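Step one of this worksheet: look at the structure below.
The values are calculated or read from the model by the stated rules, or taken from the named source; none is laboratory data. Everything numeric in this text was worked out from a predicted model, so none of it was measured. All Cβ positions, even for glycine, are placed from backbone atoms using ideal geometry, and neighbour counts span all protein chains on display.
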Amino acid sequence: MDFNKTKLIAAVIILLLISFAMSLAFYNELPDEIITHWGSDGQANGYMTKEIGLFLVPIIGLFITALLLVVPIIDPLKKNIQSFIKYYNLFILVMLGFLLYIHAITILANLGYDINISQLIGPAIGVLLFFTGILMGHAKKNYMIGIRTPWTLSSEKVWDNTHQKGRVLFKASGVICFFTLIIPTQAFWFILVPIIVSIIYLFVYSYIEFRNEEKK
């Protein structure tokens, strides 16, 4: 195992252990049923027993991390992934940090602290989207990471052009998410709408780029 991979695994283990440790540390202080989901209006609308809900995010983090670590090994174009592995590994850590943050504010909310979930989750999603944009700007064609449409997977040029557009759009979407700090009641418009618009645009853009390439 190379040194960089060793540091990545060590950081992943530390973040996961912190997440599980938080669940154990506050287990006896939380009610038997805890809030695990909030609506776009910031109101609680989903509950679970603490035996399940308190460990849900750490377990999700464990499975997501395991999947992300396996992807560079099993992808048929793994050589391409190695060309941007530094940014991919950073994204894994950002994803785990995001889940740890969500776990922390969920625990605080269930401990009775007055927390505006919409206001706090927007910036976290913004950071995640911004780093997704960074990753897209460096991603080379592969089958598991990035904007995988039939047209990006059929052409290196379409892949590169689409991901350069995606780099800008996802970074911009990330910045827009920070507006929830000012107007948390409009979290739906600041978080979901930019993401949906970006995905639709990139899907259509990749098709148009492919058609234009065919005409040349």
Within region 86-104, residues touching a residue at least 60 places away in the same chain (Cβ under 8 Å) and of a type outside the set (Gly, Ala, Ser) come out as Lys86, Asn89, Ile92, Leu93, Leu96, Leu99, Leu100, His103
Among helices (runs of 4 or more DSSP H) completely within region 1-104, the ones holding 2 or more residues that are hydrophobic (A, V, I, L, M, F, W, C) and either modelled with pLDDT of 95 or more or out of contact with any strand residue (DSSP E or B) (no Cβ under 8 Å at 6 or more places or on another chain) (or both) are 3-26, 50-74
query: So is Gly39 exposed (fewer than 12 other Cβ atoms within 10 Å of the Cβ) and either within 19 Å of Val94 (Cβ to Cβ) or under 22 Å from the mean Cα position of the chain (by Cα) (or both) or not?
result: no
The lone condition Ile199 fails out of (1) without any contact (Cβ under 8 Å) to a residue 24 or more places away in the chain; (2) crowded, with 18+ Cβ neighbours inside 10 Å is (2)
Residue hits (region 119-167; assigned to a helix (DSSP H, G or I), among the polar types (S, T, N, Q) and either touching a residue at least 40 places away in the same chain (Cβ under 8 Å) or in contact with a Phe, Trp or Tyr (Cβ under 7 Å, 6 or more places away or on another chain) (or both)) are Gln119, Thr132, Asn161, Thr162
